[in-house]
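Below is one structure, written out as structure tokens; comments come after it.
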Amino acid sequence: QVQLVESGGGLVQPGGSLRLSCAAAKSIFSIADMGWYHQAPGDQRELVALITSSGTTNYADSVKGRFTISRDNAKNTMYLQMNNLKPEDTAVYYCKASHRRFSYWGQGTQVTVSS
């Protein structure tokens, strides 16, 4: 059973913007801390941004001031607004739902920043 579904990736020029979405099953979204991770070829998967079930946010230094994470509890959806994108942001972006009883990953969505 699919618990998380990402969307919104694509090809964008440097300096452009994208918004990623992660739709979650209602049973997990309301109690889970939600996060975005990215993984470039040959690299480890790294945390980009995190938002707790109570709304506290945390960002990797590389995206502070450019990316904004948010969640809409009524829609069971998390977002990542990415502005001023750079070529080094190119990666597969994954969403993750975490709780002491479970941990789920989405299937990933490709983001490519290139001119």
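The values are calculated or read from the model by the stated rules, or taken from the named source; none is laboratory data. Owing to the predicted nature of the structure, the values given are computational and were not obtained by experimental measurement. Neighbour counts are summed over all protein chains in view; Cβ atoms, including those assigned to glycine, are modelled from backbone coordinates with ideal geometry. Protein only, heavy atoms only, side chains kept; ligands, DNA and RNA dropped before computing areas. Shrake-Rupley method; radii C 1.70, N 1.55, O 1.52, S 1.80 Å.
Magnitude of the Cβ-charge dipole of the chain, K/R +1 and D/E -1, about the Cα centre, nearest 20 debye? Please report the intermediate quantities before stating the final value.
Numbers: 11 positive and 8 negative charges, 74 e Å.
Dipole of the chain, to the nearest 20 debye: 360 debye.
Can you list which of the trypsin sites (Lys or Arg not before Pro) found in the stretch 80-115 are DSSP loop residues with at most 15 other C-beta atoms within 10 Å?
Working: sites: LYS96, ARG100, ARG101; in loops: ARG100, ARG101.
Those that pass, being in a loop and sparsely packed, are ARG100, ARG101.
For the stretch 38-85, with only Lys/Arg (+1) and Asp/Glu (-1) charged at the beta-carbon, what is the dipole magnitude about the Cα centre, in debye rounded to 20?
Values: 5 positive and 4 negative charges, 30 e Å.
Value, rounded to 20: 140 debye.
Taking 0.36 nm per intervening residue step and subtracting the Cα-Cα distance, what contour gain separates ASN58 from ALA25 on full extension?
The span from ASN58 to ALA25 would gain 9.6 nm if fully extended.
So how far apart, in nm, are the two label points at HIS99 and SER115 if each is 7 Å from Cα heading toward Cβ?
Distance between the two pseudo-spin positions: 4.7 nm.
In percent, how large is the relative contact order of the stretch 36-115, given Cα pairs closer than 8 Å and 6 or more residues apart? Spell out each step's value before the answer.
On the way: 120 pairs, mean separation 20.4, N = 80.
In percent, rounded to a whole number, it is 26.
With every protein chain left in place and a probe of 1.4 Å, what is the accessible surface of VAL113, to the nearest 10 Å²?
Only protein atoms counted, so the area is about 10 Å².
With label points built 7 Å along Cα→Cβ from the Cα atoms of ASP72 and VAL5, find their separation and express it in nm.
So the label points at ASP72 and VAL5 sit 1.5 nm apart.
Keeping all protein chains in place, calculate the accessible area per residue for the chain (probe 1.4 angstrom), answer in Å². Present the calculation step by step, with values, prior to reporting the outcome.
On the way: 6130 Å² over 115 residues.
Dividing the accessible area of the chain by its residue count gives 53 Å².
What 222 nm value per residue comes from the helices of the chain, counting each DSSP H run with n ≥ 4 as -39,500 (n - 2.57) and dividing by all residues, nearest 500 deg cm²/dmol? Spell out each step's value before the answer.
Numbers: 1 runs with 4 residues, N = 115.
Helices in the chain give a 222 nm mean residue ellipticity of -500 deg cm²/dmol.
How long, wide and thick is the stretch 12-115, going by the Cα atoms along their three principal axes, in whole angstroms, largest first?
Result, largest extent first: 41, 26, 21 Å.
In whole percent, how big is the carbon plus sulfur part of the accessible area of the stretch 1-97, probe 1.4 Å, protein atoms only?
Working: 2270 of 4910 Å².
About 46 percent, which is the carbon plus sulfur part of the accessible surface.
Just the accessible area for ASP72, please: 1.4 Å probe, Å², rounded to the nearest 10?
40 Å²
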